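Asks: I am attaching a structure below and will ask some questions about it afterwards.
Values in this text are rule-based calculations from the coordinates and carry no lab data. Predicted model, so just to flag it, every value in this text is computed and none were measured. Cβ coordinates were reconstructed from backbone atoms using ideal geometry, including for glycine residues, and neighbour counts include every protein chain displayed.
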Amino acid sequence: MTKDPDGKIEALLADIWQRNLPILRERLDLLDRTAAKASAGTLDEASRLEALSISHKLAGNLGMFGHHQAAESASEIEHILKSPSPETLAHFPAIAAQLRQTLASSL
């Protein structure tokens, strides 16, 4: 493992995180809207595919920034959206809320 004695890498990651917060918020908002559609039984294919792509990106990006619990929630959403069923979609809103709550202090 590479050491970062002067904290340059950590500072760079913190800067990247801050610059990308607007995108992260937009992605969380999209997942919330998609979860609401799923809950209402109005989830269309285009929304599902967009949310699937977003959840996949979030799972990887959040893990890279050390938000492992949030990355797990995003992965769970991705899994639900890959093969949705009424039973799995019923859990989507709660997982989306959990994802946002886990990141609340970082937003």
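Asks: By the scheme Lys and Arg +1, Asp and Glu -1, what is the net charge of all other residues having a beta-carbon under 14 Å from that of A97?
Replies: -1
Asks: Charges only on Cβ, +1 for Lys and Arg, -1 for Asp and Glu: so what's the dipole of the range 1-95 about the Cα centre, in debye to the nearest 20?
Replies: 100 debye
Asks: Of (i) 13.9, 40; (ii) 15.1, 52; (iii) 12.9, 39, which is the value of Rg and Dmax of the Cα atoms in Å derived from the coordinates here?
Replies: Read-out from the structure maps to (ii).
Asks: Can I ask one more? In nm, to one decimal, how far is the modelled label at I23 from the one at S83, with both set 7 Å along Cα→Cβ?
Replies: Distance between the two pseudo-spin positions: 3.1 nm.
Asks: Rounded to the nearest 10 degrees, what's the angle between the helix 68-82 long axis and the longest principal axis of the chain, both from Cα atoms, 0 to 90?
Replies: 30 degrees
Asks: I'd like the distance separating the alpha-carbon centroids of the range 90-107 and the range 9-29, in whole Å.
Replies: Measuring centre to centre over Cα atoms gives 17 Å.
Asks: Sticking with this one: Tell me the label-point distance for the pair L12, D44, using the 7 Å Cα-to-Cβ offset, in nm and rounded to one decimal.
Replies: Taking the simple label geometry, L12 and D44 are separated by 4.3 nm.
Asks: Can I ask one more? So for I77, I54, I16, fewest C-beta neighbours within 10 Å to most, what's the order?
Replies: Ordered from fewest to most neighbouring Cβ atoms within 10 Å, I77, I54, I16 come out as I16, I54, I77.
Asks: Compute the helix-to-body angle for 92-103: its Cα long axis versus the longest principal axis of the chain, expressed 0 to 90° and rounded to tens.
Replies: Helix 92-103 sits at roughly 20 degrees to that axis.
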